[in-house]
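The values are calculated or read from the model by the stated rules, or taken from the named source; none is laboratory data. Please read all numbers here as calculations on a predicted model, not as lab measurements. Here the Cβ positions follow ideal geometry from the backbone for every residue, glycine too, while neighbour counts run over all protein chains shown.
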Amino acid sequence: MVGYIQILGAGECGLPLAYRLQRAGLPVTLIAARDATAVLNGTVTSTQVKFPATLDLEAAAGMGHWRSRAPEILGIRLTTVVDGRRVLGWTGFFTRPAQSVDQRTVFARWLTDYVEAGGDLEIAAPSLTELDRRAAEYDLTVVTRALGELADCFPDDPAWPVAKEPARRLAVFYLEGVAADPDNLGTYASLPGLGEVISYPGLTGAPGSERCCEILLIEALPGGPLDVFDPGDSPSDRLRRVVRLLGSQLPADLADRYREAELTDAGATLTGAVRPMVRRPVAMLPSGRAVLGGGDVVCRMDPAGAQGANSAAHCGDAYATAILARPAGPFDRSWMESVATPWLTGTAHPAARWTAAVLDPSAEMRQLMLAAQDDPVLADAFADSFARPADALLGSLRAVMPPADAGDDGSVHAGRR
Ligand SMILES: Cc1cc2nc3c(=O)[nH]c(=O)nc-3n(C[C@H](O)[C@H](O)[C@H](O)COP(=O)(O)OP(=O)(O)OC[C@H]3O[C@@H](n4cnc5c(N)ncnc54)[C@H](O)[C@@H]3O)c2cc1C
């Protein structure tokens with residue numbers, strides 16, 4: 001006897017979860033808003049840098065199709081820019097490279113693989129009432145996409161502050177014709193009081209026809225000089241605007257890398273904002289049925305920390321492992337709490353704390369960033385803290401993060417190539 005499982009949302013959390021359960025022979029239904037063709041024909045949705053632990057999970061699940069083809073991001077070239085001039089800079093290497101593959105490419109391929117392997121896929125966007133009715137027909141409902149009324153069923157986690165507004169306004173560009181970083185590093189330009197300009201190589205295109213590109217993310221403090229993107233602008237207007245913006249705000253050698261940039265395709269830009277949110281992982285639907293939340297539904301972060309996709313992937317992995325360990329259930333509320341807690345304390349909450357520290361560095365963190373200029377081990381530890389925010393890093397870095405959750409292991413980890 002095994003339980004019948006439905007998963008709402010086909011993204012970083014829902015797709016690997018559905019794929020693993022389906023491959024193990026469990027009856028699973030995946031509900032997606034769009035099919036693979038619609039995903040590919042849509043606009044970009046993220047910049048999705050993934051770190052080695054996430055890439056390893058995907059490879060282990062047979063889903064890491066881009067490992068040998070996506071460009072490797074070897075570390076971070078951090079530059080602090082004031083009035084267009086460099087005032088600080090260091091390079092920190094990851095212990096192992098990161099990679100970024102367009103979510104359109106990834107989700108389209110994973111959806112296709114899931115269906116071809118016999119997976120049950122429904123294209124739908126059920127209302128709360130419909131989901132509640134459907135939940136009665138399944139032993140377990142996992143929600144990895146929730147807006148409006150459904151999102152409201154997941155209570156805020158009282159241990160976390162509720163952000164009223166996003167910290168940044170975002171603009172994303174997938175570009176061709178950008179001069180590559182000479183050392184295969186990602187660029188992280190911090191413009192104090194204005195925001196950040198983040199850029200690295202990635203892979204885009206339809207599965208089977210992928211090509212390299214540069215992925216650029218502008219993180220603008222609302223109302224400031226980087227906050228210039230009107231959602232009503234055409235993609236080509238946005239491109240003109242961003243090239244001009246980089247020319248006016250960055251040192252010339254950095255801005256020049258983007259001078260000849262072209263958009264990779266008609267859907268290659270995105271503007272918006274992410275309001276961070278930490279919720280409890282179990283929601284009670286109006287009928288009184290419990291459903292389990294995962295990924296951004298439970299812990300949503302600004303992209304500056306490059307954590308959300310990594311955290312969502314670990315969530316999908318943790319839930320798949322727990323379900324496969326007890327496929328007959330019962331998947332009751334206490335079971336849901338017990339499977340979500342290790343992911344929250346071990347991955348999601350440290351990622352949210354790291355993102356908060358990156359967006360609003362304390363005086364101590366700024367001192368450490370200054371010291372990293374002359375200390376390659378510290379620079380590497382900074383870079384690796386994006387990949388492993390739950391680890392201790394150097395003791396001094398841990399001390400500048402907001403209060404720790406139980407579950408962090410206190411180990412030290414740093415390395416330079
Ligand atoms: C600009 C930007 C840059 C980012 N950069 C990074 C980064 O570098 N590194 C990183 O780790 N994270 C990054 N993130 C965050 C990351 O993209 C998300 O945290 C991650 O995709 C969340 O995964 P998920 O499974 O929770 O949701 P998603 O991956 O968003 O998946 C949800 C899925 O549900 C589908 N859906 C939508 N509505 C419905 C509906 N009504 N019914 C059914 N299905 C529906 C959607 O099509 C989507 O496929 C970034 C986010 C943004 C916005």
Any pair with Cβ under 8 angstrom, 6 or more apart, that starts in the range 29-55 at a residue that is among the hydroxyl-bearing types (S, T, Y) and at pLDDT 95 or above and ends at one that is part of a loop (DSSP other than H, G, I, E, B) and within 6 Å of the ligand (Cβ to nearest atom): T47/A306
Here the qualifying pairs (Cβ atoms under 6 Å; residues six or more apart or on different chains; first in the range 1-21 and under 20 Å from A124 (Cβ atoms) and within 8 Å of the ligand (Cβ to nearest atom); second aromatic (F, W, Y) and part of a helix (DSSP H, G or I)) come out as L15/W110
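With a cut-off of at least 1 residues that are touching a Cys at 6+ places or on another chain (Cβ under 7 Å), name the helices (runs of 4 or more DSSP H) lying wholly within the range 318-381. It would help to see each step written out before you state the result.
Working: elements: 333-343, 349-359, 363-372.
Hits in the range 318-381: 333-343, 349-359.
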I'm trying to understand the selection: among the residues of the range 45-85, which are closer than 19 Å to Y114 by Cα, more than 15 Å from the ligand (Cβ to nearest atom) and small (G, A, S)? A59, A60, G62, G64
Within the range 151-187, which residues are within 16 Å of the ligand (Cβ to nearest atom) and surrounded by fewer than 14 Cβ atoms within 10 Å (Cβ to Cβ)? D152, E165
